[in-house]
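One structure below.
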Amino acid sequence: HKVIFSGIQPTGVPHLGNYLGALRQWVKLQNDAAPDTRLLFSLVDLHAITVRQDPKQLLQWKNESLAMLLAIGLDPKRCTIFHQSDVSAHSELMWILSGQASTGYLGRMTQWKEKTANEKENSEKLKLNLFSYPVLQAADVLLHRTTHVPVGHDQAQHLEFAREVANGFNHVYGQDILIPPQTLVSPAKRVMSLTHPVSKMSKSHPNPKSRILLTDSDELIQSKIKSAVTDSIEGVTYEQDRRPGDLAADLANISMRVLKEQVSSAVTKLVAPIRERHESIVGNESLLDDVATLGAAKATESAAPTLLQVKRAVGLCR
Ligand code: ATP
Ligand code: MG
């Protein structure tokens, strides 16, 4: 049977890119799933601390992100929804799998190269968990015997790495202990930043105007889209490489202002019902606690057999 696993970092309130590139597909997978398909969705808080987080802020984002998973339509009875740090097996397996992860391969990861490009002169500042987090990601997926991982385009390389780790481990310790997962790349394109259209929309970008949050009011969405970077050429045309802020040819005869109005209306229509459900859930502490407790218990149970098998294979226990 199928096992589907994916995660989102509680590094902020989820945005339109997260929704179109990942979260919307999670809900569809849940709704279309065969009865024997297992689905696990994790708030990967251990990944979130690969950059420095304010502790109070992190707790709040964990809460808001959990509420968002419910607001978009994930059902805690149907899926296992959990905070990664509630299930210590993730960290344990990561350490063991670090023995299969070459530093050369990790150093070639696009995200590592991007995130460290600015710090070139000052590698003293770079922290180990930013470098090794693809190993934790591999552990997340392999721990639950995942067969399919839905992710955005930016994560495809890390999944390839997870397969390498699984195959490497199996080669050394015995076939079929770990299952190399398949990548389900989201059919949606990357949603780009509103202020800097060559980079993708991100929770962690310092400029809040660069993203549309799923909690933004209609007015805020309208104003963010109004001030979004487009380009200086008359009419609406598109050249991905040279002018990544542009749009498609079938809109060639309308003005940028009309186009932005159309985009605003489509986006507010999509976001408003999610925002309203989120508002009604986010303050319900006892509901969120119950969901997190149930999820942690289910994920712990799901993780146990693989961790035991791995520890036995390595010679860490009988
Ligand atoms: P951060 O800036 O903290 O890394 P993020 O916005 O990149 O946050 P993640 O939690 O890293 O969000 O990713 C969650 C999921 O959303 C992943 O599957 C990722 O591929 C997808 N995703 C993130 N940003 C975009 C985007 N701009 N367009 C489409 N998919 C995205
Ligand atoms: Mg990211």
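The values are calculated or read from the model by the stated rules, or taken from the named source; none is laboratory data. As the structure is a computational prediction, the values presented were derived from the model and not from experiment. Backbone-built Cβ (ideal geometry, glycine too); neighbour counts: all protein chains shown.
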Problem - Selection from the range 38-56 of residues that are buried (at least 17 other Cβ atoms within 10 Å of the Cβ) and over 21 Å from LEU288 (Cβ atoms) - result: ARG38, THR50
Exercise for the section: Please work out if ASP216 is part of a loop (DSSP other than H, G, I, E, B) and at pLDDT below 95. Expected result: no
Problem - Any hit, the range 35-46, residues being among the charged types (D, E, K, R) and within 16 Å of ligand 2 (Cβ to nearest atom) - result: yes
Handout entry: Condition check for SER98: surrounded by fewer than 22 Cβ atoms within 10 Å (Cβ to Cβ) and small (Gly, Ala, Ser)
Key = yes
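To keep it simple, each residue is scored yes or no on (1) in the same structural domain as ASN167 (by TED's automatic domain parsing); (2) touching an Asp or Glu at 6+ places or on another chain (Cβ under 8 Å); (3) aliphatic (A, V, I, L, M); (4) within 25 Å of ARG24 (Cα to Cα).
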residue: LYS56; (1), (2), (3), (4): yes, no, no, no
residue: TRP61; (1), (2), (3), (4): yes, no, no, yes
residue: LEU66; (1), (2), (3), (4): yes, no, yes, yes
residue: LEU69; (1), (2), (3), (4): yes, no, yes, yes
residue: ILE72; (1), (2), (3), (4): yes, no, yes, yes
residue: GLN84; (1), (2), (3), (4): yes, yes, no, yes
residue: ALA89; (1), (2), (3), (4): yes, no, yes, no
residue: GLU92; (1), (2), (3), (4): yes, no, no, no
residue: SER98; (1), (2), (3), (4): yes, no, no, no
Completion exercise
By residue number, the members of the range 251-275 that are among the β-branched types (Val, Ile, Thr) and under 23 Å from the mean Cα position of the chain (by Cα) are VAL267, THR268, VAL271, ILE274
Problem - Residues located in the range 173-196, provided they are buried (at least 18 other Cβ atoms within 10 Å of the Cβ), within 11 Å of ligand 1 (Cβ to nearest atom) and not in a strand (DSSP E or B) - result: SER186, VAL191, SER193, LEU194
Practice task
May I ask you to list the residues in the range 127-140 that are assigned to a helix (DSSP H, G or I), away from ligand 2 (no atom under 16 Å from the Cβ) and farther than 11 Å from LEU97 by Cα?
Solution key: LEU128
Completion exercise
Contact list, first residue from the range 43-68 and part of a loop (DSSP other than H, G, I, E, B), second anywhere and modelled with pLDDT of 95 or more and not β-branched (Val, Ile, Thr), beta-carbon distance below 7 Å, six or more apart or interchain, is VAL44/GLY7; VAL44/GLN9; VAL44/GLN84; VAL44/ASP140
Handout entry: ARG108 vs. criteria surrounded by fewer than 21 Cβ atoms within 10 Å (Cβ to Cβ), more than 19 Å from the chain's Cα centre (by Cα) and away from ligand 1 (no atom under 12 Å from the Cβ)
Key = yes
Completion exercise
The residue that is farthest from GLN9 (Cα to Cα), considering only those in the range 145-172 that are within 16 Å of ligand 1 (Cβ to nearest atom) and part of a loop (DSSP other than H, G, I, E, B), is THR146
